[in-house]
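Input: a single structure, listed below in structure tokens.
The values are calculated or read from the model by the stated rules, or taken from the named source; none is laboratory data. Small disclaimer: the values here were computed from a predicted structure and weren't measured. Every residue, glycine among them, receives a Cβ derived from its backbone with ideal geometry; neighbour counts consider all protein chains shown. We work out accessible area using only protein heavy atoms, side chains counted, and drop any ligands, DNA or RNA first. Shrake-Rupley method; radii C 1.70, N 1.55, O 1.52, S 1.80 Å.
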Amino acid sequence: MRAVRRLRALQRHLGSSEGRGMESTSSPLTTHVLDTASGLPAQGLCLCLSRLEDHGQQWMELKKSYTDSDGRCPGLLPPGPMKAGTYKLSFDTKGYWKKRGQESFYPYVEVVFTITDETLRFHVPLLLSPWSYTTYRGS
């Protein structure tokens with residue numbers, strides 16, 4: 001049993017789909033935040049997922065959560081297909097850096113993206129430092 005737990009921890013660390021729960025019962029949307037200033041996962045970063053609603057062009061908050069010890073936020077959406085549309089991940093970078101006694105040039109980061117194929121899975125990584133950030137569509 002102990003060896004199984006260690007194997008699962010190693011799989012999570014190495015990014016194995018078995019280790020991080022990417023099977024068909026997991027969220028179709030994932031994110032992973034890395035603190036490039038420290039070279040470590042960004043643990044405890046508050047983020048919010050929203051979807052742009054057609055009526056009135058208003059953002060509807062779907063989930064507010066925090067990154068785990070691996071910089072990931074499991075369960076952003078319930079298992080199954082995503083609804084096609086425009087989504088936004090908002091990251092509270094000011095709060096994250098403030099907890100670490102660090103000033104930040106960017107108080108928040110918003111990543112807006114469009115989903116057209118509801119059958120696919122989407123991964124939105126964020127590489128973060130107090131003075132810069134970058135994101136891309138991951139796999």
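Scan region 58-95 for residues that are without any contact (Cβ under 8 Å) to a residue 12 or more places away in the chain and within 24 Å of Thr119 (Cα to Cα) and jot them down. Give the derivation first.
Initially, region 58-95 is screened for residues without any contact (Cβ under 8 Å) to a residue 12 or more places away in the chain, giving 58, 60.
Across region 58-95, the qualifying residue is only Met60.
Filter region 118-139 for residues that are modelled with pLDDT of 90 or more and out of contact with any Ser or Thr (no Cβ under 7 Å at 6 or more places or on another chain); which is farthest from Lys98 (Cα to Cα)? Give the steps one after another, and end with the answer.
Pass one, region 118-139, residues modelled with pLDDT of 90 or more: 122-137.
Going one step further and asking which of them are out of contact with any Ser or Thr (no Cβ under 7 Å at 6 or more places or on another chain), we end up with 122, 131-137.
Numbers: Phe122: 29, Trp131: 13, Ser132: 16, Tyr133: 16, Thr134: 20, Thr135: 22, Tyr136: 25, Arg137: 28 Å.
Ranking the candidates gives Phe122 first.
Can Asp35 be described as within 19 Å of Tyr136 (Cα to Cα), open to solvent by 30 Å² or more (accessible area, probe 1.4 Å), within 14 Å of the chain's Cα centre (by Cα) and at pLDDT 95 or above? Give the derivation first.
Numbers: within 19 Å of Tyr136 (Cα to Cα): yes; open to solvent by 30 Å² or more (accessible area, probe 1.4 Å): no; within 14 Å of the chain's Cα centre (by Cα): yes; at pLDDT 95 or above: yes.
No; evaluated as a whole, the condition is false for this residue.
In the list Thr134, Thr116, which residue meets the criterion of being closer than 20 Å to Trp59 by Cα and surrounded by fewer than 17 Cβ atoms within 10 Å (Cβ to Cβ)? Before you say what the answer is, go through the steps one by one.
Values: Thr134 fails: closer than 20 Å to Trp59 by Cα.
Matching residue, one of Thr134, Thr116: Thr116.
Can you tell me which of Ser69, Ser50, Ser65, Ser90 is assigned to a loop (DSSP other than H, G, I, E, B) and either under 14 Å from Val33 (Cβ atoms) or at pLDDT 95 or above (or both)? First the steps, then the outcome.
Working: Ser50 fails: assigned to a loop (DSSP other than H, G, I, E, B); Ser65 fails: assigned to a loop (DSSP other than H, G, I, E, B); Ser90 fails: assigned to a loop (DSSP other than H, G, I, E, B).
Sole residue among the options that is assigned to a loop (DSSP other than H, G, I, E, B) and either under 14 Å from Val33 (Cβ atoms) or at pLDDT 95 or above (or both): Ser69.
Within region 97-110, identify whether any single residue is more than 17 Å from Ser26 (Cβ to Cβ), part of a strand (DSSP E or B), touching a residue at least 12 places away in the same chain (Cβ under 8 Å) and not polar (S, T, N, Q), and answer yes or no. I'd like the intermediate steps shown before the answer.
Filtering region 97-110 down to residues more than 17 Å from Ser26 (Cβ to Cβ) leaves 97-110.
Those still in the list that are part of a strand (DSSP E or B) too: 109-110.
Checking the rest, the ones that are also touching a residue at least 12 places away in the same chain (Cβ under 8 Å) come to 109-110.
Filter once more, so that each one left must be not polar (S, T, N, Q): 109-110.
Yes, there is a match, as at least one residue in region 97-110 is more than 17 Å from Ser26 (Cβ to Cβ), part of a strand (DSSP E or B), touching a residue at least 12 places away in the same chain (Cβ under 8 Å) and not polar (S, T, N, Q).
Please specify each residue of region 75-93 satisfying the condition of being more than 16 Å from Lys64 (Cβ to Cβ) and among the basic types (Lys, Arg). I'd like the intermediate steps shown before the answer.
Kept after step one, since they are more than 16 Å from Lys64 (Cβ to Cβ), are these residues of region 75-93: 79-86.
Once the filter is applied, which keeps residues that are more than 16 Å from Lys64 (Cβ to Cβ) and among the basic types (Lys, Arg), region 75-93 yields only Lys83.
Run down Ser104, Ser139, Ser65 and say which single residue is exposed (fewer than 12 other Cβ atoms within 10 Å of the Cβ) and of a type in the set (S, T, N, Q). Walk me through it before giving the result.
Working: Ser104 fails: exposed (fewer than 12 other Cβ atoms within 10 Å of the Cβ); Ser65 fails: exposed (fewer than 12 other Cβ atoms within 10 Å of the Cβ).
Step by step, each of Ser104, Ser139, Ser65 is checked, and only Ser139 is exposed (fewer than 12 other Cβ atoms within 10 Å of the Cβ) and of a type in the set (S, T, N, Q).
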